[in-house]
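Below: the structure, in structure tokens.
The values are calculated or read from the model by the stated rules, or taken from the named source; none is laboratory data. Since we're looking at a predicted model, the values are computed, not measured. With ideal geometry, Cβ positions are generated from the backbone for all residues, glycine too; neighbour counts draw on all protein chains shown.
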There are 2 protein chains.
Amino acid sequence: MLDGLFKPRSVAIIGASKNPFSIGHIVIKNLAEYGFQGPIFPINPKGGNIRSFRCYKSVLDVPEEIDLVNISIKASLLPMVIKECGEKGVKFLIVHSAGFKEVGDEGIKREREMVELANSYGMRVYGPNSQGIQNSDPAVSVYANFTFVPMNPGNVSIVAQGGGMGEMLKLHLYNVGLGHRMYASYGNECDLSMPEILEYYGQDEGSKVIMMQTESFKDPKAFLEVASKITPHKPILAIKSGRTHEGSVAVSSHTGTLVDQAAMATAMYRKAGVVEFTDTHQMVKAAIAFSTQEPPKGNRIGMITNTGGPGIMAVDEAIENGLTLAKWSAKGLERLKETQYAEASLGNPVDVVATAGPDHYFHAMDTLLKERGTDMVLVFFVTAPFVDLDAIAAKIKEACSASEKPVVVVIETRELWYGLIDNLRKGGIPVYEFAEDGSRALASMATYAGLRDRKKEAPPRLTVKKAGAAKIVKKYAGKGEYIPQVDAFAVLQAYGIPVPKVAAINTKKDIAPAAKKVGFPCVLKVDSADVIHKSDEGGVVLDIATAKALTAAFDKMSKKFARRKPTYVLMEQKPAGEEIIVGATASPGLGSLVMFGLGGIFVEVMKDVMVAVAPLSRPEAREMMEGIKGYPVLAGVRGGGVDLKAVEDLLLRVSKLAADFPEIAEMDLNPIFAYPKGKKPSAVDVRIKVS
Amino acid sequence: MLDGLFKPRSVAIIGASKNPFSIGHIVIKNLAEYGFQGPIFPINPKGGNIRSFRCYKSVLDVPEEIDLVNISIKASLLPMVIKECGEKGVKFLIVHSAGFKEVGDEGIKREREMVELANSYGMRVYGPNSQGIQNSDPAVSVYANFTFVPMNPGNVSIVAQGGGMGEMLKLHLYNVGLGHRMYASYGNECDLSMPEILEYYGQDEGSKVIMMQTESFKDPKAFLEVASKITPHKPILAIKSGRTHEGSVAVSSHTGTLVDQAAMATAMYRKAGVVEFTDTHQMVKAAIAFSTQEPPKGNRIGMITNTGGPGIMAVDEAIENGLTLAKWSAKGLERLKETQYAEASLGNPVDVVATAGPDHYFHAMDTLLKERGTDMVLVFFVTAPFVDLDAIAAKIKEACSASEKPVVVVIETRELWYGLIDNLRKGGIPVYEFAEDGSRALASMATYAGLRDRKKEAPPRLTVKKAGAAKIVKKYAGKGEYIPQVDAFAVLQAYGIPVPKVAAINTKKDIAPAAKKVGFPCVLKVDSADVIHKSDEGGVVLDIATAKALTAAFDKMSKKFARRKPTYVLMEQKPAGEEIIVGATASPGLGSLVMFGLGGIFVEVMKDVMVAVAPLSRPEAREMMEGIKGYPVLAGVRGGGVDLKAVEDLLLRVSKLAADFPEIAEMDLNPIFAYPKGKKPSAVDVRIKVS
């Protein structure tokens, strides 16, 4: 439980200072200004006063219990004060100080020693190199943070790895009058971890929505588990900074973390039902809607506007973000006809025209909100000079409050009439400046609802020969090489993944038994780590139809590659099918990621792939298949198509194999031939590397 | 010349009214409030006073010349007042009144008659169903428009089809203290056209940037010509509303225009060097940068930040928008080391850290701006509580003013310190709230510069047999059918487009001569408008190697299709190559659009196509080829690839054919087989429909 951190009964500040530009001063000022509901104890060995607080020379001198300590003194001075905190029985240390992991080896050591020392007293360390925490709950009102955005109570909680990003998120909630609930910018995450904070937010009744920003995942598995438990009842909106290669390099120079985790983040978000964003402003705008509205029951949007152009922009943006335009029932249309001006346009958007007054808006909104075929409503309102603004605002609020369906309002007006915006916002209605923003915010809510309500299953029980695969994998452990073809195929086969018949050929006398096993037509391949581009080097002979041709092919090939002393593999030749690629990569701290795409060009050139966390459930496997742009090729364009169920089964088995053997660093089934319904696909080439 | 419209020496208002909510009143109020530099003449048959102006009963009673008249009376009353305006010698009529084209047939007739009447007096009509115009030039200061955004002088001119959209654009310029130059929201465009307005803006020295929004193009050719003349010296930023199918339906219900012009708009923008946007806010943000900064000379961005997280977001967004990260020279890096804190991170972004003061910012900016490898600079600044904000702002301005390179600043702060933002903006520096916005704005400038500076050529002179093609095309004019294969191939051949040898077969006796002409192996195809899916119905036989096989195939096919009385075509069988599709569609009012993509799935499923305006120049043809995602397939992934020059030549010839014959409603060369270098591609199937 993190109550001692987010609901401390008392806070001490080590590094308290009279210097108004120091962290130790600003934290005291923030705690005092936002009315912390417990005592504040500045600690300064020189004693004296800071603001209206008497300093103590050490935490040991404080006459009461201390839950939380904010520390901003030099990194090298920490061990001594941490010992004192431990003796005092402090629960949580927020370390603002820098000079740890982010500065290299020495800092890493210092960080580890700090955690060991604190933990030995039962204390948890938050940070270091961190901004701090906030809890706007009036019963606590703790602003143990050195930043400047005012803390107003709200229901959006924020957890951010980067201080500047976290501050940005609460700043823009503050700007629209929303405030926030809890806040944590956790810096180096040396001990107390992001998933623990997330879990705490998940359990906090005052947190209706969670916004998170990360640059790297220290414990992805824990994040995935925690997030998956939260999203069924509470939306999580997330940004992963560093989604481009260049961005991830910037992350590593900023945080000292080296792995590119962008694909992993997307896979985890999808699995956990987290709504992913790539733009900070759009995430904040979505949070504004989530904060006051309930997610829609479907994807059908209804729109009302008093000017055409922005309505069209809203339509374009809604469609591009996966919404569909609602259609009115005959009864609904009748009511629109009765209540709107003759020159109004009664399609979707309903254009009530610029002269529309309060009743026109009310009836249009009330009609759409009562339509069974409409799941959400966007209202656009340019403050035409012909109408009574306050009366229209009142009617918009009236219509909203009578419905559970989400409504967003877009207002085009100048500062003179900003009161109108405040009025609606105070009424719990999200207000935006651009039509596109309204569509996107509603689309985000629909995305969340879709993720939350999709079918969930455990990964299926599949009959596999784990021991058989384990025996082979173990043989190559620690070698970091691609394992020989015959063994690689055997691993797949142990997991019920359909492969061609194969046989190893080392010397000429292996040919006859191999041919007997494999049959004709067959394929002869060189199998050596030294021959990378087998086909280009003449290391693959296809269409071998007779024993004679096989012997000839072997002779030629063994002459060509003699120097490199390779082995060879003989394979059943499968008829060409639709090409598919399935891959798996070990993802340290998480397990394995599985990749799915169509053959060659679609993966290499079009980058049309889906990545997911192994092992997959049936719905997840299907989601991956349906998620690639090229899916119609599998489902069949103008007839055709492949046995989708059989591909799904293969994908499930590869994902189980990857999950069962995290020591498989890389695995590529490329290509897999998929065939029409009734025929199993076949993985005709495979590469497996064991770490 | 539109001086009488945008620089009127006097304005009369027909429909002038005491009712403060009427258009006729608001226009007078706006003209007066923003200090129109000429006389205002309210016209009202009842006489009397409106605000501080004496009404005239008719324009004929006005004792002075009238350049411009704003009309907001009922549509049916217009003819009489237009006559009077004509007799008075008025130059321009702004018609606010609705009830024209947008209400259907009667309105269309009324609109046409209005234009004829006005033109008969030498008057031009602006609108109807329009908002009006503005010119903030202090020498004129005309606000002949009924909206509410204040008119502050600026250098961005706006032309918008939709009133709500135009108002939105100037509203958000106003919100950042920029104002605008000229403004026109032109409604139905019955007479005076958007390209005329654009041309006028192009010639106006006070207009540095043009923002435009359209829903439909009435005269696309004129737009293309005008825009192409402007962009070499002045950026045009454009949004086409209705880019989705649903959006274009919304356009048609809003404006009465039916054609989906989204692909056409994109093609015209690219050809003319117009920067296209799909999001209103992003276009405004780009305009803010263009208004005060000069476009960069290249794509290399340098970044400075005092907090890591937003810097990473800026990097991600820059990369995704086509920029690259600048690298510092040894000398530059040395200067950074000398001038920045030890804990600063000196990569790109330069993280000057939160405690950085004015000199740190100055030296970082000055260093980057002087780097030869840096074309533009983004500065991020979170108002850390430790530093002197005003001093930093002064230093940022100082660094900017010493350089021609574009700079944008992103500031994260609360309202207390908004003075800092105003301060920078007054210094001519674009300021944004989110890091992503800064990257996108700079990327837009780089996009403009790239379009402006790319190689431009006239379409090449190609040797074609136009008369030969014309003879065939003429034969099918007005039939609206696909023309027979043999003729279709002959049209291509006349334009030097490589095709297989073909021969028509009508009866059995045609077989031998056809086979002689075409040779073996060959393909026999049924050729009938009634047989749509030839292959599926058994209407294509491939791999015919002998005369005997050909006769057998013909017998079988002629039995199968006997009832439908088709003709047949015999074709040389070409070896399979990389599949390409080239298409052309007549685009009324513009000419023809050409489409380019890879075969089948890439076009149908992946939608990976480029569309351009015919005829193409060589650089345009190459741009189309390189513009598809699948281009590496043509250029060769790991070797391979096709004869790009030969494909370019084919594309040029198809584009010329389409341009020469706008009566070709549709043309599809699908597939074209492209071959390795040295071998010409071959269009093995073609469909041409003549209107």
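General remarks:
- Test: residue in region A:600-620 that is within 11 Å of chain B (Cβ to nearest Cβ), touching a strand residue (DSSP E or B) at 6+ places or on another chain (Cβ under 9 Å), surrounded by fewer than 20 Cβ atoms within 10 Å (Cβ to Cβ) and among the small types (G, A, S): yes
- Residue match in region B:659-674 (condition: assigned to a strand (DSSP E or B), surrounded by fewer than 21 Cβ atoms within 10 Å (Cβ to Cβ), away from chain A (no Cβ under 14 Å) and of a type in the set (D, E, K, R)): yes
- Residue check for B:A184: in contact with a strand residue (DSSP E or B) (Cβ under 6 Å, 6 or more places away or on another chain) and in a helix (DSSP H, G or I): no
- Residue in region A:198-205 that is within 14 Å of another protein chain (Cβ to nearest Cβ), assigned to a helix (DSSP H, G or I) and touching a residue at least 40 places away in the same chain (Cβ under 8 Å) present: no
- Of residues in region B:106-155 being in a helix (DSSP H, G or I) and within 30 Å of the chain's Cα centre (by Cα), the one surrounded by the fewest Cβ atoms within 10 Å (Cβ to Cβ): B:R112
- Helices (runs of 4 or more DSSP H) contained entirely in region A:210-307, each with at least 1 residues that are under 25 Å from A:K101 (Cα atoms) and among the aromatic types (F, W, Y): A:220-230
- Matching residues in region A:206-242 - criterion: being among the hydroxyl-bearing types (S, T, Y) and either over 22 Å from A:S444 (Cα atoms) or within 14 Å of chain B (Cβ to nearest Cβ) (or both): A:T214, A:S216, A:S241
- Residue within region B:109-129 that is in contact with a strand residue (DSSP E or B) (Cβ under 6 Å, 6 or more places away or on another chain), of a type in the set (S, T, N, Q) and within 14 Å of chain A (Cβ to nearest Cβ) present: no
- Condition check for B:G641: more than 21 Å from B:R461 (Cβ to Cβ), touching a residue at least 12 places away in the same chain (Cβ under 8 Å), surrounded by 24 or more Cβ atoms within 10 Å (Cβ to Cβ) and not hydrophobic (A, V, I, L, M, F, W, C): no
- Residues located in region A:37-84, provided they are without any contact (Cβ under 8 Å) to a residue 40 or more places away in the chain and touching a strand residue (DSSP E or B) at 6+ places or on another chain (Cβ under 6 Å): A:I40, A:F41, A:P42, A:I43, A:I50, A:F53, A:C55
- Number of residues in region B:394-421 that are within 14 Å of chain A (Cβ to nearest Cβ) and either of a type in the set (G, A, S) or over 21 Å from B:E371 (Cβ atoms) (or both): the value is 10.
- If you check B:G478, B:G468 for being more than 19 Å from B:I505 (Cα to Cα) and at pLDDT below 95, only one passes: B:G478.
- Filtered residues of region A:369-391 (kept if touching a Pro at 6+ places or on another chain (Cβ under 7 Å) and within 14 Å of another protein chain (Cβ to nearest Cβ)): A:F380, A:D388, A:A391
- Looking across region A:447-465, the residues that are of a type in the set (A, V, I, L, M, F, W, C) and either assigned to a helix (DSSP H, G or I) or crowded, with 23+ Cβ neighbours inside 10 Å (or both) come down to A:A449, A:L451.
- Answer residue from region B:341-364, given it is within 22 Å of B:M313 (Cβ to Cβ) and away from chain A (no Cβ under 14 Å) and is surrounded by the most Cβ atoms within 10 Å (Cβ to Cβ) among those: B:A364
- Search result, residues across region B:629-686 that are under 26 Å from B:L590 (Cβ atoms) and small (G, A, S): B:S655, B:A658, B:A659, B:A665, B:A683
- Taken over region B:199-240, residues that are among the small types (G, A, S) and closer than 19 Å to B:L5 by Cβ amount to 4.
- Which listed residue is small (G, A, S) and either within 14 Å of chain B (Cβ to nearest Cβ) or within 17 Å of A:M264 (Cβ to Cβ) (or both), from A:G577, A:G640: A:G640
- Residues located in region A:317-345, provided they are free of Cβ contacts under 8 Å to residues at least 60 places away in the same chain and part of a helix (DSSP H, G or I): A:I319, A:E320, A:A330, A:K331, A:G332, A:L333, A:E334, A:R335, A:L336, A:K337, A:E338, A:T339
- Inspection of region B:282-303 finds a residue satisfying the criterion of being farther than 24 Å from A:V315 by Cα, modelled with pLDDT of 95 or more, crowded, with 22+ Cβ neighbours inside 10 Å and at the interface with another protein chain (Cβ under 10 Å from one of its Cβ atoms).
- Tally, over region A:423-446, of residues that are more than 14 Å from chain B (Cβ to nearest Cβ) and part of a helix (DSSP H, G or I): 8
- Taking the listed residues B:D105, B:D61, the one that is among the charged types (D, E, K, R) and at pLDDT below 95 is B:D105, with no other qualifying.
- Region B:167-179, residues that are in contact with a strand residue (DSSP E or B) (Cβ under 8 Å, 6 or more places away or on another chain) and at the interface with chain A (Cβ under 8 Å from one of its Cβ atoms): B:E167, B:M168, B:L171, B:Y174
- Checking each residue in region B:467-483 for being under 35 Å from the mean Cα position of the chain (by Cα), surrounded by 14 or more Cβ atoms within 10 Å (Cβ to Cβ) and of a type outside the set (A, V, I, L, M) picks out B:Y476, B:Y482.
- Search result, residues across region A:1-22 that are farther than 20 Å from A:D137 by Cβ, modelled with pLDDT of 95 or more and among the hydrophobic types (A, V, I, L, M, F, W, C): A:A12, A:I13, A:I14, A:A16
- Taking region A:365-381 as the range and being surrounded by fewer than 24 Cβ atoms within 10 Å (Cβ to Cβ), touching a strand residue (DSSP E or B) at 6+ places or on another chain (Cβ under 8 Å) and not in a loop (DSSP other than H, G, I, E, B) as the test, only A:L369 passes.
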